[in-house]
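Read the structure below first, then the notes.
The values are calculated or read from the model by the stated rules, or taken from the named source; none is laboratory data. Only a predicted model underlies this, so the values are computations on that prediction, with no experimental measurement involved. When we count neighbours, we look across all protein chains shown, and the Cβ atoms used for this are built from the backbone with ideal geometry, even at glycine.
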Amino acid sequence: MNLEGKEVYSENKRPGNFRMIGPIRGDSRALWTVVALLLILFVDRLISPNFFEIRMVNDRLIGSLINILDNSAPYALLAIGMTLVIATKGIDLSVGAVMAISAAVAVVLIRNYESGATEFFYQPGFVILITIGVGAICGLWNGILVAFMDLQPIIATLILMVAGRGVAQLITGGQSPTFTNDSLAFLGRGVVAGVPFPIFIAIAVLIVVTLLVRRTALGLLIEAVGANDRASHYAGIQSRMIKLFVYVLSGMCAAVAGMIVAGEVKSADPHTAGLFAELDAILAVVIGGTALTGGRFYLALSVVGVLIIQSLLVGLYVSTLHPTTNLVVKAFVVLAVLLLQSPEFRRFITQIFRRTA
Amino acid sequence: MRSRFIPLLMTFIVFLVLYAIAYSRFSSFASMRVVGNLLRDNAYWGIAAIGMTFVILSGGIDLSVGSVIAFTGVFCALMIGRNGWDPIVTFAVILTIGTLFGATMGFLIHRFKIPAFIVTLSGLFLARGMAYVLSTDSIRIDHPFYEQISSLVYIFPDRGRFTFAAAMFLLTLIAGIFLAHFTRFGRNVYAIGGNSDAALLLGVPVGRTTITIYALSSFLATFAGIVLSLSKKSGDSTIAVGLELDVIAAVVIGGTLLTGGVGYVIGTFIAVMTLGTIQTYLTLDGSLTPWWIKIVIGVLLFAFVGLQKLLSRNQGVFKLRQRGAAAPS
């Protein structure tokens, strides 16, 4: 951070305005993020004239917009957890690996149930609870390393990110087990009132977490810890417990996301489940305007960030562009969105215009 | 002994202990055969890790190295294997592209204050995407120059092979040590990593140095891609996925602090050899399943950062005073 950046730096860290929910009363960041989403959807519409079309087929809504929402659901869950982690000036690189672990746990347990095990904890409902518990334990591990051992978050969570996939393979014995149980599969491929079930999960989690952090002092405390850990400690905030909480929540979100992904394909692949999911989640949070330096956070905008990435991917999918170009386009669009949000870049552009005028 | 050498010493001791354990199980670890193979097999990502050391020393991060290696491999294979370019020309072109790529990332990071994590993440997508665009299948390279390079080998009395890749690895290591500790650029890197604001006030050219650091990292990643291309004699856009994490882990295990300003290039080298030793041991053993390597790396990472934490806690008055001064940040 150099001196010119100082002004922006302190602005990002200001923990005020804790009642703000999403883009309603945001600064210009909120505006730019929503503009970016609309712009991408508009381009998608130009590429494919029936992009906004939604049809009902076999009691199930079909359409690109539904696909965007459906694909976004697991990432939205990750982004919600990640937003709170990043707000405490942390980062959680392990969510992809936690997805793989929880998918492995859920599928291995449910296979026992399918092969006739009658113990109560093999019942699908309990399997889901146990899996969320496993996610919480993964989060607890991260949280203890960050909050009580004072390790840097990026390294603390890198440990589980690297080892986690090994653990997932250990659980499945190196295989990619499949299952047929409908209850677990419902999480990923269920349909309620024509709408894919994962969308409901994501919306429900968004609402619950938003209420939790904005209707109580928790959100303010999280922003305080992220803005200035030491000051918040002196102010009597139990910053360690706050940090522990956000990592546990992130782990639980990752566990649910892992089950959604496992439900979609009715199997758990420890190699590919949630691969690079952490990067997309972090990207979404940053696009949503939550700074990696901690402090203010915007849950709803993080979800908008997820929608931006998925609108882009679905748009590419329906376009005639060769699928190999997907990553290239993604890189440029992401960069464009980030440049749009950078105050330095906007100042740079206005300076050019002023000079030429 | 100065306390800042302790993490480095620990890295070295762990390497020796692990190597001794490996030796007690497989006596071939004392032969030049295993040593030569260790250097050869870990050369390409070791070279990338030396570049990453500079980035992390300056307090940044570069997630794009794995993708850059893959892109370089595909580019070389396509140009030499399919289009019949001269290898030397191809290498010059791809090294220029790689360096410019890194410099652009450095520019975006410095000029527009976008976090390095995010800029290099876009770099990861872009380089991997360009590799896919060039070719999605594996391309073989048949060229006399490649045969010539693989025949460049020094054979030890026990038939151990000191290959071209190993030589490039050691050469990069020496150049890296020189650059980090005996040049103005190296001092500037440490200064920026220690305290960017203070460095700027002291007249360190922060912008130029930041751009050079990322250019250097991408340059070395490209070079690593060339070394890998020479030893594999093919290019594949799906190689080195997630390699950046191993590279970052190696730099951290090597005693470089992710907050920047503290660390040594040689530590990264020892860490690369440590992880290489574990890999070789697990391969020779055969009874241990491949996923254990990931778990072992995780455990090692945990042990090292835990150790560093303990050490930095007991560093006496100086450290405490430093911390106190840094408090009102």
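Quick one: which of A:Ile91, A:Ile62 is of a type outside the set (D, E, K, R), in contact with a Pro (Cβ under 6 Å, 6 or more places away or on another chain) and over 16 Å from A:Val304 (Cβ atoms)? Of A:Ile91, A:Ile62, the one residue that is of a type outside the set (D, E, K, R), in contact with a Pro (Cβ under 6 Å, 6 or more places away or on another chain) and over 16 Å from A:Val304 (Cβ atoms) is A:Ile91.
Against the numbered list (1) in contact (Cβ under 8 Å) with a residue 60 or more places away in the chain; (2) closer than 30 Å to A:Leu41 by Cβ, A:Leu211 comes up short only at (1). Within region B:66-85, being away from every other protein chain (no Cβ under 14 Å) and either touching a residue at least 60 places away in the same chain (Cβ under 8 Å) or outside any helix (DSSP H, G or I) (or both) holds for B:Ile69, B:Thr72, B:Gly73, B:Phe75, B:Cys76, B:Ala77, B:Ile80, B:Gly81, B:Asn83, B:Gly84, B:Trp85. For the residues B:Ala48, B:Ala70, B:Ala127, B:Ala77, the requirement of being crowded, with 20+ Cβ neighbours inside 10 Å, at pLDDT 90 or above and more than 26 Å from A:Ala281 (Cβ to Cβ) singles out B:Ala77. From B:Arg40, B:Arg4, grab the single residue that is touching a Lys or Arg at 6+ places or on another chain (Cβ under 9 Å) and closer than 21 Å to B:Ile177 by Cβ. Matching residue, one of B:Arg40, B:Arg4: B:Arg40.
Only residues that are under 18 Å from B:Ile61 (Cα atoms), in contact with a helix residue (DSSP H, G or I) (Cβ under 7 Å, 6 or more places away or on another chain) and within 14 Å of another protein chain (Cβ to nearest Cβ) were counted across region B:190-208, and they come to 6.
A:Arg346 fulfils the conditions (1) within 12 Å of chain B (Cβ to nearest Cβ); (2) within 30 Å of A:Ser176 (Cα to Cα); (3) not β-branched (Val, Ile, Thr) except for a single criterion, (2). No other residue among A:Leu299, A:Leu292, A:Leu340 is crowded, with 22+ Cβ neighbours inside 10 Å and touching a residue at least 60 places away in the same chain (Cβ under 8 Å) apart from A:Leu299.
A:Leu327 satisfies every condition listed in (1) under 30 Å from A:Val225 (Cβ atoms); (2) crowded, with 17+ Cβ neighbours inside 10 Å except (1). So in region A:80-133, with the set limited to residues that are assigned to a helix (DSSP H, G or I) and charged (D, E, K, R), which one is farthest from the chain's Cα centre (by Cα)? Out of the qualifying residues, it is A:Glu114. Just one residue in the set B:Val35, B:Val74 is closer than 30 Å to B:Arg159 by Cβ and more than 14 Å from the chain's Cα centre (by Cα); that residue is B:Val35. Of all the numbered requirements in (1) buried (at least 16 other Cβ atoms within 10 Å of the Cβ); (2) more than 14 Å from every other protein chain (Cβ to nearest Cβ), A:Gly116 misses one, and that requirement is (1). Do we find that A:Thr172 is within 13 Å of another protein chain (Cβ to nearest Cβ) and either of a type outside the set (A, V, I, L, M, F, W, C) or under 23 Å from the mean Cα position of the chain (by Cα) (or both) in this structure? Yes, satisfied. Being out of contact with any Cys (no Cβ under 9 Å at 6 or more places or on another chain) and more than 24 Å from B:Ile80 (Cα to Cα) is a property that B:Ser122 has. The number of residues in region A:230-274 being in contact with a helix residue (DSSP H, G or I) (Cβ under 9 Å, 6 or more places away or on another chain), within 14 Å of chain B (Cβ to nearest Cβ) and within 30 Å of A:Gly295 (Cβ to Cβ) comes to 5. The set of residues from region B:122-139 being under 22 Å from A:Leu312 (Cα atoms) and more than 8 Å from every other protein chain (Cβ to nearest Cβ) comprises B:Ala127, B:Ala131, B:Leu134. The set of residues in region B:132-160 that are closer than 14 Å to B:Ser234 by Cα and part of a loop (DSSP other than H, G, I, E, B) comprises B:Ser135, B:Thr136, B:Asp137, B:Ser138, B:Ile141, B:Asp142, B:His143. Tell me, please, whether a residue that is within 14 Å of chain A (Cβ to nearest Cβ), under 25 Å from B:Thr104 (Cα atoms), surrounded by fewer than 19 Cβ atoms within 10 Å (Cβ to Cβ) and not small (Gly, Ala, Ser) can be found in region B:176-189. No, region B:176-189 contains no residue that is within 14 Å of chain A (Cβ to nearest Cβ), under 25 Å from B:Thr104 (Cα atoms), surrounded by fewer than 19 Cβ atoms within 10 Å (Cβ to Cβ) and not small (Gly, Ala, Ser). For region A:139-168, taking the residues that are more than 13 Å from A:Ile91 (Cβ to Cβ) and touching a Ser or Thr at 6+ places or on another chain (Cβ under 7 Å), the one that is surrounded by the fewest Cβ atoms within 10 Å (Cβ to Cβ) is identified as A:Gly164.
Residue by residue, here is whether (1) among the polar types (S, T, N, Q); (2) closer than 22 Å to B:Gly242 by Cα; (3) surrounded by fewer than 20 Cβ atoms within 10 Å (Cβ to Cβ) holds:
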position	(1), (2), (3)
B:Leu57	no, yes, no
B:Val65	no, yes, no
B:Val93	no, no, yes
B:Ile97	no, yes, yes
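Within region A:317-328, can you find the residues that are assigned to a helix (DSSP H, G or I) and over 21 Å from the mean Cα position of the chain (by Cα)? Those that are assigned to a helix (DSSP H, G or I) and over 21 Å from the mean Cα position of the chain (by Cα): A:Tyr317, A:Val318, A:Pro323, A:Thr324, A:Thr325, A:Val328.
Let's see how each residue does on (1) in contact with a Phe, Trp or Tyr (Cβ under 6 Å, 6 or more places away or on another chain); (2) more than 9 Å from every other protein chain (Cβ to nearest Cβ); (3) closer than 30 Å to B:Arg82 by Cβ:
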| site | (1), (2), (3) |
| --- | --- |
| B:Thr222 | no, yes, yes |
| B:Val227 | yes, yes, yes |
| B:Gly235 | no, yes, yes |
| B:Ala240 | no, yes, yes |
| B:Trp292 | no, no, no |
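Restricting attention to region B:155-169, the residues that are among the aromatic types (Phe, Trp, Tyr), buried (at least 19 other Cβ atoms within 10 Å of the Cβ) and out of contact with any Ser or Thr (no Cβ under 9 Å at 6 or more places or on another chain) add up to 1.
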